[in-house]
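The values are calculated or read from the model by the stated rules, or taken from the named source; none is laboratory data. Worth saying up front: this structure is predicted, and the values here are computed from it rather than measured. Here Cβ is always computed from backbone atoms with ideal geometry, including for glycine, and neighbour counts include all displayed protein chains. Heads up: the accessible areas ignore ligands, DNA and RNA and are worked out on the full protein's heavy atoms, side chains in. Shrake-Rupley method; radii C 1.70, N 1.55, O 1.52, S 1.80 Å.
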Amino acid sequence: MDAAVSLRSVSKSFHGNPVVSDLSLDIPRGAFFSILGASGSGKSTTLRLIAGFETPDSGAISVCGQPISTDHPPFAGPVNMVFQNYALFPHLTAGENVAFGLRMQGINRADRDRAALAMLALVRLDHLASRLPSQLSGGQQQRVALARALATNPEIVLLDEPLGALDLRLRREMQHELRDLQQSRNLTFIYVTHDQEEALGMSSRLTIMDHGRIIQTGSPHDLYLRPASRFAAAFLGDNNFLAGTLAGSDSDSWLVSAEGLGFRVPRGKGSPSSITLAIRPEHLHASGSPGLSAIVFPPARVTSTVFSGASTRVSLVLPSGTSLTALIDSTRPAPEPGTIIAPWCRPESVWPIPDPPSNP
């Protein structure tokens, strides 16, 4: 893999508190790579380490194959950054903000003004080049900050939750714009966010962090449908969890027992005695015909329903006391609380997660 950024055994502490711990990661060139995690997970510190704003306590970081150091910081080369608060100069116009990096590079005024206007046109703001940041909306300021980051032709753009301050409609518009810009210019975007939907919708690859460590890295599809741990399964979207035991296996599948049922699921790693079975709510059905190959659970009682527009969330309790959630199309009538139904899913919708071994 041709890596734009590589981190090897990188650790960073503040006041004796570890924030990033023994982190190793390769970010491919041309990827839209998201780092996803809750507050305090170490994702923003990781970005600042890549940017050169922080120095690792141990380990090594290379950018485009070159080790970074205080003598060769990444921001002096192919890296630029878009901050969460945009960090625009309030006394400079939008055009002057975009041209600032070019000015620092010694580009003459006529050329940098032309380049700045071209960058603003790229984000559809060339008509506002003469306005100050205070005269722009939050979304417009975000696009000016992005244009400024792109103006110096970086290979890698770092983005630290740049859409966090925008309303939902504008945030979704900017998600599409960022993805289109990244693809059209074949840039490497490294994007920090705590928004799961944002990470899934924009990324070609993503990593989940927790307490300074990487939990799992892969494509959005793999992380969503094939989580490597219960933490990853619970963190990325909603999931139903069933306790299961391994009853047998072959080269392709495991025979598992759960909720009094026996069925086959895709083979996981190792040969654990106990496993957790994960089923996404959208894959658990509370109505319709199961078909011969479906896994049909014991009759469950509906405890509540919540309408959310495109779907209705149906909460269920199995006879064992296990709680489940199913999503049904909102065009279908929702079952009333107290109704008894038999939820079902297809075998391929069940993903097994080996339980960690118990401490002796």
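When you look at R332, is it surrounded by fewer than 18 Cβ atoms within 10 Å (Cβ to Cβ) and not in a strand (DSSP E or B), yes or no? Give the derivation first.
Values: surrounded by fewer than 18 Cβ atoms within 10 Å (Cβ to Cβ): yes; not in a strand (DSSP E or B): yes.
Yes; evaluated as a whole, the condition is true for this residue.
When you look at A326, is it surrounded by 15 or more Cβ atoms within 10 Å (Cβ to Cβ) and over 17 Å from N239 (Cβ atoms), yes or no? Steps first, answer last, please.
Working: surrounded by 15 or more Cβ atoms within 10 Å (Cβ to Cβ): yes; over 17 Å from N239 (Cβ atoms): no.
It is false that A326 is surrounded by 15 or more Cβ atoms within 10 Å (Cβ to Cβ) and over 17 Å from N239 (Cβ atoms).
Taking the condition of being of a type in the set (S, T, N, Q), surrounded by fewer than 20 Cβ atoms within 10 Å (Cβ to Cβ) and part of a helix (DSSP H, G or I), how many residues in the stretch 86-139 meet it?
Counting residues in the stretch 86-139 that are of a type in the set (S, T, N, Q), surrounded by fewer than 20 Cβ atoms within 10 Å (Cβ to Cβ) and part of a helix (DSSP H, G or I) gives 2.
Just to be sure, is T312 modelled with pLDDT of 95 or more and outside any loop (DSSP other than H, G, I, E, B)? Break it down stepwise before answering.
Numbers: modelled with pLDDT of 95 or more: no; outside any loop (DSSP other than H, G, I, E, B): yes.
Against the criterion (modelled with pLDDT of 95 or more and outside any loop (DSSP other than H, G, I, E, B)), T312 does not qualify.
Does P266 count as in contact with an Asp or Glu (Cβ under 8 Å, 6 or more places away or on another chain) and under 23 Å from H221 (Cα atoms)?
Numbers: in contact with an Asp or Glu (Cβ under 8 Å, 6 or more places away or on another chain): yes; under 23 Å from H221 (Cα atoms): yes.
So P266 passes the test.
Under 6 Å between Cβ atoms, which residue pairs at least 6 apart in sequence (or on different chains) link something in the stretch 194-210 that is touching a residue at least 12 places away in the same chain (Cβ under 8 Å) with a partner that is open to solvent by 50 Å² or more (accessible area, probe 1.4 Å) and assigned to a helix (DSSP H, G or I)?
M202/R179
List the residue pairs whose Cβ atoms are under 9 Å apart, where the first residue sits in the stretch 34-57 and is touching a residue at least 60 places away in the same chain (Cβ under 8 Å) and more than 20 Å from P78 (Cα to Cα), the second is open to solvent by 30 Å² or more (accessible area, probe 1.4 Å) and basic (K, R), and the two are 6 or more positions apart or on different chains.
Final answer for the pair search is S41/R213; G42/R213.
If you check A199, A165, which single one turns out to be at pLDDT 90 or above and either on the phi > 0 side of the Ramachandran plot or of a type in the set (A, V, I, L, M, F, W, C) (or both)?
A199
Which ones in the stretch 230-266 are within 18 Å of T322 (Cα to Cα) and not in a strand (DSSP E or B)?
Passing the criteria: R230, A233, A234, D238, N239, E259, G260.
Within the stretch 31-46, is even one residue in contact with a Phe, Trp or Tyr (Cβ under 9 Å, 6 or more places away or on another chain), loosely packed, with under 14 Cβ neighbours inside 10 Å and within 15 Å of I214 (Cβ to Cβ)?
Checked the stretch 31-46: at least one residue is in contact with a Phe, Trp or Tyr (Cβ under 9 Å, 6 or more places away or on another chain), loosely packed, with under 14 Cβ neighbours inside 10 Å and within 15 Å of I214 (Cβ to Cβ).
One line per residue, one yes/no per condition, for (1) of a type in the set (S, T, Y); (2) in contact with a helix residue (DSSP H, G or I) (Cβ under 6 Å, 6 or more places away or on another chain); (3) closer than 24 Å to D167 by Cα:
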position: E197; (1), (2), (3): no, no, yes
position: G212; (1), (2), (3): no, no, no
position: Y224; (1), (2), (3): yes, no, no
position: R230; (1), (2), (3): no, no, no
position: L246; (1), (2), (3): no, no, no
position: S251; (1), (2), (3): yes, no, no
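Quick check on the stretch 271-284. Is at least one of its residues open to solvent by 50 Å² or more (accessible area, probe 1.4 Å) and within 30 Å of S308 (Cα to Cα)?
yes
Do we find that I61 is assigned to a strand (DSSP E or B), out of contact with any Asp or Glu (no Cβ under 8 Å at 6 or more places or on another chain) and either open to solvent by 30 Å² or more (accessible area, probe 1.4 Å) or within 18 Å of I156 (Cα to Cα) (or both) in this structure?
yes
Report the residue count in the stretch 258-269 for those that are over 12 Å from P347 (Cβ atoms) and open to solvent by 50 Å² or more (accessible area, probe 1.4 Å).
The qualifying residues number 3.
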